[in-house]
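All remarks here apply to the structure that follows.
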Amino acid sequence: MRAGDGEALRYPLDKICVKSGVLCPRCQRLVDTGVVGKYEIPIMKEMIELEEELKGLREGVYIKAYIRDNLVVVLVRGLRDRMLREKLNRELSARLKKRVRVVEKSGDIRDIIEQVIAPATLLGVNTLWMANGTEQIIVRVPRREHRFMADRLEAYEKILEEILGKPVKIRFESF
């Protein structure tokens, strides 16, 4: 089954295993090796349950979920409909009792960051080259939008670091 064939959202674990909570040897190996985190199973279960209600959800591929504090970011591919992702955000937030952001994976770092920090506005993304040859991503956000992230700033930075594979710092700027 391929993404976009209209049958169901694709997951790294078998749906039967996720629904039952009893993992087959293949799925258990994915969890044991860290390819899929144990914390992702309840997220996948809720998404499977929502597929009947949100028909557009069947068009995508679940990639990975990231959790820090009370913030969950679910990375997907093939769910380009922003309204569908917003509805999924609300439904998953209510069911998981956490703040959830469903993010469409793309090759554009700026696009991913915008989706993760929404509703805050992204002013810009800068790459800071460190003396030791590593790089750090600086995410610039208007100071007046500090309220959207203030209590979860470190969680946003850590999740963006995991997604982008580079250290991330969020800066609030006046302009």
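Find the helices (runs of 4 or more DSSP H) located wholly in the range 1-102 whose residues include 3 or more that are free of Cβ contacts under 8 Å to residues at least 12 places away in the same chain, more than 23 Å from Ala118 (Cβ to Cβ) and among the aromatic types (Phe, Trp, Tyr), and list them.
Filter on the range 1-102 gives an empty set.
Is it fair to say Val74 is in contact with a strand residue (DSSP E or B) (Cβ under 8 Å, 6 or more places away or on another chain) and closer than 24 Å to Ile159 by Cα?
Yes: the conditions hold for Val74.
In the range 129-175, how many are within 19 Å of the chain's Cα centre (by Cα) and on the phi > 0 side of the Ramachandran plot?
The total comes to 1.
Restricting to the range 111-151, name every residue that is exposed (fewer than 12 other Cβ atoms within 10 Å of the Cβ), hydrophobic (A, V, I, L, M, F, W, C) and over 16 Å from Lys166 (Cα atoms).
Ala150
Report, ordered by the first and then the second residue, all pairs with beta carbons closer than 7 Å, sequence separation of six or more or different chains, a first member in the range 152-167 that is in contact (Cβ under 8 Å) with a residue 12 or more places away in the chain and of a type in the set (Phe, Trp, Tyr), and a second member that is surrounded by 19 or more Cβ atoms within 10 Å (Cβ to Cβ) and in a helix (DSSP H, G or I).
That search, which allows pairs on different chains as well, returns Tyr156/Val116; Tyr156/Ile117.
Residues to consider are Arg10, Arg82, Arg2; find the one that is within 21 Å of Leu160 (Cβ to Cβ) and either of a type in the set (A, V, I, L, M) or modelled with pLDDT under 95 (or both).
Of the residues listed, the single one that is within 21 Å of Leu160 (Cβ to Cβ) and either of a type in the set (A, V, I, L, M) or modelled with pLDDT under 95 (or both) is Arg82.
Among the residues of the range 123-158, count how many are in contact with a Ser or Thr (Cβ under 7 Å, 6 or more places away or on another chain) and either part of a helix (DSSP H, G or I) or of a type in the set (Ser, Thr, Tyr) (or both).
2
Can you tell which of Lys19, Lys105, Lys55, Lys64 is surrounded by fewer than 16 Cβ atoms within 10 Å (Cβ to Cβ), modelled with pLDDT of 90 or more and not hydroxyl-bearing (Ser, Thr, Tyr)?
Result: Lys19 is the single residue among Lys19, Lys105, Lys55, Lys64 that is surrounded by fewer than 16 Cβ atoms within 10 Å (Cβ to Cβ), modelled with pLDDT of 90 or more and not hydroxyl-bearing (Ser, Thr, Tyr).
The values are calculated or read from the model by the stated rules, or taken from the named source; none is laboratory data. Every value quoted in this text rests on a predicted model; they were computed, and no experiment measured them. Neighbour counts run over all protein chains shown; Cβ positions are idealised from the backbone, glycine included.
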